[in-house]
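Structure below; questions to follow.
The values are calculated or read from the model by the stated rules, or taken from the named source; none is laboratory data. Keep in mind it's a predicted model, so treat the numbers as computed, not measured. Don't worry about glycine lacking a Cβ; one is built from the backbone with ideal geometry, like all the others, and counts go over all protein chains shown. Heads up: the accessible areas ignore ligands, DNA and RNA and are worked out on the full protein's heavy atoms, side chains in. Shrake-Rupley method; radii C 1.70, N 1.55, O 1.52, S 1.80 Å.
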Amino acid sequence: MMQSTQLSLAPIRWRKLIPLAFITYSLAYLDRANYGFGAASGLAEDLNITPGISSLLGALFFLGYFFFQVPGGIYAEKRSAKKLIFWSLILWGILATATGMVHDVKFLAVIRFLLGVAESVVMPAMLVFLSHWFTKKERSKANTFLFLGNPITVLWMSVISGYLVDAFGWRGMFIIEGVPAIIWAAIWWFIFVDRPVDAKWLTAQEKVDIEKALAEEQTNIKEIKNYAEAFRSGKVLSLSFIHFFWNIGMYGFIMWLPSILKTASGLGIVATGWLSAAPYLLAVPLMLTASWYSDKFLNRKIIVLLFLSLGAVCFIGSFTIGASNFWLSYILLMIAGGAMYTPYGPFFAAIPEMISRNVMAGAMAFIVSFGALGSFVGSWIVGYLNGLTGGPGASYIFMGGSLILAVLLTFITPFNSKVPNGSGKLNNLLAK
């Protein structure tokens, strides 16, 4: 009965809202991840940037990203995600394009920081937005379609950016890839709706049914008085530090994979682009399968544990093999990248099931902000270690060790997801 009820809740939501969320997050991801290609294709040499400064510049994005997550999430809940993301799209498109025009490292540092500020509102606002539209049995799938904008964007970006750099240089790549966000802002303004009550394409009964289903999910969740209490909550802090250590590995990998592969393989930038795309191709079927399992059995925790553990093992395995066998080391890196992406949908689907709606937006943004801080640490330290040691071995250990800490924290954190009878003792244990 529960499954049929979910299917009866306005199927049009998926066609109207998911492509909108996917494209918006994809564009945000394009303009944050292409710095790694610029760094691998002449940016550092042209601006006389040392490896240490280059890693800091790559990481500055996430420092700006960190500071404005919570205000962005609260504004999206209390006011409007529509206005917030509209202005964010315009600002980050301008800044991304400006990256291709800089001639001074100081201006590049300012642009990277402000780009992080402009994009910081997107992820918490989108997660809050989806929580207003999709129920518990749908949320992991909805979140996964949002987060697929990440690997799919990096997949085509890795290929296209290689060709753009080859044809127009790193400056042309940044300029060309910054324009779509500005164009998309106009489309966003005309087709986005914040909540079911605002949607002209829903019937009055469909609006009531969606709001009723979402309200019923909150009946067994203890209300938290205010945001200050939420931020001190053991669950919120545990999830925040899981996301912190997870993103150290995640963004150390994303930001510096092109440079690592170009150095290790000795291949050109176009071939490096094709090699860099493979982990993101693997991530797509893994994310879709994991989200199906997560929504069917409502066991978010086992997905997070399984795939973060796999990522850690593959990083350490790649370090162990080292330069002695590039292709085997590369395959392990590919698996590590795909594995790290996989749990995002289930992880963020668990948060509205654990935290009351009155503080959920701020708590969600708080958890995301810790991930941004981990992204800053990962992208900076990985780039620094690669420059210091002349190879990726030390950074593999750093990323793998961070994922191990995320796994240990996940194991001791109660996710409180309901697991149906017959799904196994292991699933019931890990859900607690």
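Within the stretch 210-228, how many residues turn out to be over 26 Å from the mean Cα position of the chain (by Cα) and open to solvent by 50 Å² or more (accessible area, probe 1.4 Å)?
Going through the stretch 210-228 one residue at a time, the tally reaches 10.
Looking at the stretch 288-320, which of its residues are charged (D, E, K, R) and either in contact with a Lys or Arg (Cβ under 7 Å, 6 or more places away or on another chain) or open to solvent by 20 Å² or more (accessible area, probe 1.4 Å) (or both)? Even if it seems obvious, please write down each step before you answer.
Narrowing the stretch 288-320 to residues charged (D, E, K, R): 295-296, 300-301.
Within the stretch 288-320, ASP295, LYS296 qualify.
Here's something else I'd like to know. Taking LYS137 as meeting all but one of (1) part of a helix (DSSP H, G or I); (2) more than 14 Å from the chain's Cα centre (by Cα), write down the number of the exception.
(1)
Filter the stretch 332-358 down to residues that are among the β-branched types (Val, Ile, Thr) and open to solvent by less than 10 Å² (accessible area, probe 1.4 Å) and give me whichever is farthest from TRP246 (Cα to Cα). Can you show your working first?
Taking the stretch 332-358 and keeping what is among the β-branched types (Val, Ile, Thr), we get 335, 342, 351, 355.
Those still in the list that are open to solvent by less than 10 Å² (accessible area, probe 1.4 Å) too: 342, 351, 355.
On the way: THR342: 12, ILE351: 16, ILE355: 21 Å.
Within the stretch 332-358, the match that is farthest from TRP246 (Cα to Cα) is ILE355.
Here's a follow-up. When you check LEU30 against the structure, is it assigned to a helix (DSSP H, G or I) and closer than 21 Å to GLY100 by Cα, yes or no? Steps first, answer last, please.
Values: assigned to a helix (DSSP H, G or I): yes; closer than 21 Å to GLY100 by Cα: yes.
In short, yes.
Going by what's in this entry, would PHE174 be described as part of a helix (DSSP H, G or I) and surrounded by fewer than 22 Cβ atoms within 10 Å (Cβ to Cβ)? Outline the logic, then answer.
Values: part of a helix (DSSP H, G or I): yes; surrounded by fewer than 22 Cβ atoms within 10 Å (Cβ to Cβ): no.
It is false that PHE174 is part of a helix (DSSP H, G or I) and surrounded by fewer than 22 Cβ atoms within 10 Å (Cβ to Cβ).
Within the set of pairs 6 or more residues apart or between chains, which connect a residue that is within 20 Å of LEU43 (Cα to Cα) inside the stretch 87-104 to a residue that is in a helix (DSSP H, G or I) and among the aromatic types (Phe, Trp, Tyr) with Cβ atoms less than 7 Å apart?
Here the result reads ALA96/PHE174; THR97/PHE174; THR99/PHE174; GLY100/PHE174, each pair linking the stretch 87-104 to a residue that is in a helix (DSSP H, G or I) and among the aromatic types (Phe, Trp, Tyr).
Only one of LEU56, LEU60 is more than 30 Å from ALA199 (Cβ to Cβ), open to solvent by 50 Å² or more (accessible area, probe 1.4 Å) and either out of contact with any Asp or Glu (no Cβ under 7 Å at 6 or more places or on another chain) or assigned to a helix (DSSP H, G or I) (or both); which?
On the way: LEU60 fails: open to solvent by 50 Å² or more (accessible area, probe 1.4 Å).
Checking each option against the conditions leaves just LEU56.
Can you pull out every residue in the stretch 76-122 that is out of contact with any Asp or Glu (no Cβ under 6 Å at 6 or more places or on another chain) and part of a loop (DSSP other than H, G, I, E, B)? Before you say what the answer is, go through the steps one by one.
First, the residues of the stretch 76-122 that are out of contact with any Asp or Glu (no Cβ under 6 Å at 6 or more places or on another chain): 76-79, 83-91, 93-95, 97-122.
Matches in the stretch 76-122: ARG79, GLY100, MET101, VAL102, HIS103, ASP104, SER120, VAL121.
Note down all Cβ pairs under 7 Å where the first residue falls in the stretch 189-214 and is free of Cβ contacts under 8 Å to residues at least 60 places away in the same chain, the second is surrounded by fewer than 16 Cβ atoms within 10 Å (Cβ to Cβ), and they're at least six residues apart or on different chains.
LYS207/VAL197
All but one of (1) more than 23 Å from ASN150 (Cα to Cα); (2) touching a Leu at 6+ places or on another chain (Cβ under 6 Å); (3) of a type in the set (A, V, I, L, M) hold for ILE316, so report the exception by its number.
ILE316 satisfies all of (1) more than 23 Å from ASN150 (Cα to Cα); (2) touching a Leu at 6+ places or on another chain (Cβ under 6 Å); (3) of a type in the set (A, V, I, L, M) except (2).
Condition check ((1) over 24 Å from VAL236 (Cα atoms); (2) of a type in the set (Asp, Glu); (3) out of contact with any Ser or Thr (no Cβ under 6 Å at 6 or more places or on another chain)) across all residues:
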site: ARG300; (1), (2), (3): no, no, no
site: LEU308; (1), (2), (3): no, no, yes
site: VAL359; (1), (2), (3): no, no, yes
site: MET364; (1), (2), (3): no, no, yes
site: GLY374; (1), (2), (3): no, no, yes
site: TYR384; (1), (2), (3): yes, no, no
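Among the numbered conditions (1) part of a helix (DSSP H, G or I); (2) without any contact (Cβ under 8 Å) to a residue 60 or more places away in the chain; (3) not hydroxyl-bearing (Ser, Thr, Tyr), tell me where LEU267 comes up short.
LEU267 satisfies all of (1) part of a helix (DSSP H, G or I); (2) without any contact (Cβ under 8 Å) to a residue 60 or more places away in the chain; (3) not hydroxyl-bearing (Ser, Thr, Tyr) except (1).
Name, by its number, the condition in (1) under 20 Å from GLU216 (Cβ atoms); (2) buried (at least 24 other Cβ atoms within 10 Å of the Cβ) that does not hold for MET157.
The failed condition is (1).
In the stretch 218-232, which residues are assigned to a helix (DSSP H, G or I) and free of Cβ contacts under 8 Å to residues at least 12 places away in the same chain? Step through it out loud before you land on a result.
Kept after step one, since they are assigned to a helix (DSSP H, G or I), are these residues of the stretch 218-232: 227-232.
Scanning the stretch 218-232 gives ALA228, ARG232.
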